[in-house]
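> To start, I am sharing the structure in question, which I have written as structure tokens.
Values in this text are rule-based calculations from the coordinates and carry no lab data. Keep in mind the model is a prediction, meaning the values are calculated, not measured. Heads up, the Cβs are rebuilt from the backbone with ideal geometry, glycines too, and the neighbour counts pull from every protein chain shown.
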Amino acid sequence: MTESNARPNWQWDETAKISTDYCDETQAQNYDALHVRPDRTHAEYEEILDSMNPQPDWCLMDIGCGTGTFAMAAARRCEHVYAVDISQAMLEVAAVKARDAGVSNITFLQGGFLTYEHGGGAVDAITSQLVLHHLPDMWKQIALGRMAEMLKPAGVLYLRDVVFQFEHDRHAEVFDKWVDEVAELFGQACMASQAESHIRREFSTFGWIMEGLLKRAGFDVEQADYSRRLAEYFCRKI
Ligand SMILES: C[S@@+](CC[C@H](N)C(=O)[O-])C[C@H]1O[C@@H](n2cnc3c(N)ncnc32)[C@H](O)[C@@H]1O
């Protein structure tokens, strides 16, 4: 430890940029134009919420909420949403969007998987999309354990992220195909280089590792789906 309130020196630095700098205001302002596809993103979010079946009295926490698009969809179905992100710049964009849309039941909070201290009670559900790959696997385990602690008994965890499920000798073929799919889906040349950079520098892992981490953190993995571009996990705290 450096000082009494500081993080230990061995703590993973969640604010360090691993590829895209989400703490940068310009990146935050441009995020939706690059990543939100009005023709499918909203429908995908409604499908996820349908599967989670949130109850009107639920408190849901979205970690790595980014510009808050999913948090806003969840807020229409839950009593309260805690939208947590390490980047103040992303949270500011999200808060303006929610205010402009008249959504008032979201609390925006700055914090990371490893550092966020939840002041409210245990929540009914935690969601996190496209975020866990920011942590190396050892820290993913610690993050998942912290999520389990913030959930009520039998609480729901929904994760969606870039997780690969292939035999290691096929990696070149799988990565080429994945980069092509991302570029085609978003129709922008810069997304191909972002996808390549993701594979080269970020911490996407194998499905068998992710499922092991979830089980060790105390979750029952009710559904793990690798059939689409992003892997999905519906889990329940045991
Ligand atoms: C690719 S964006 C995804 C945003 C949103 N979940 C979505 O699906 O559009 C990744 C987000 O995770 C946040 N983030 C990165 N590392 C984090 C961490 N350790 N804890 C919490 N948020 C983190 C970034 O600031 C950024 O807003």
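> Run down the lysines and flag those whose C-alpha is under 23 Å from the C-alpha of residue 17, throwing out any fewer than 8 positions away in its chain.
Leaving aside lysines fewer than 8 places away in the same chain, those within reach of residue 17 are 140.
> Let me ask you something else. Given charges of +1 on the Cβ of Lys and Arg and -1 on the Cβ of Asp and Glu, with all other atoms neutral, how large is the dipole of the chain about its Cα centre, in debye to the nearest 20?
420
> Cross-link partners among aspartates and glutamates for residue 215, C-alpha distance below 18 Å, same-chain residues fewer than 8 apart left out?
Leaving aside aspartates and glutamates fewer than 8 places away in the same chain, those within reach of residue 215 are 137, 149, 161, 225, 232.
> Mind checking which of 222, 173, 184 has the largest fluctuation in a GNM of the chain, springs on alpha carbons under 10 Å?
173
> Could you work out the equivalent-ellipsoid semi-axes for the chain, taking the square root of 5 times each eigenvalue of the Cα gyration tensor, largest first, in whole Å?
Details: eigenvalues 124, 94, 82 Å².
Values for the chain, descending: 25, 22, 20 Å.
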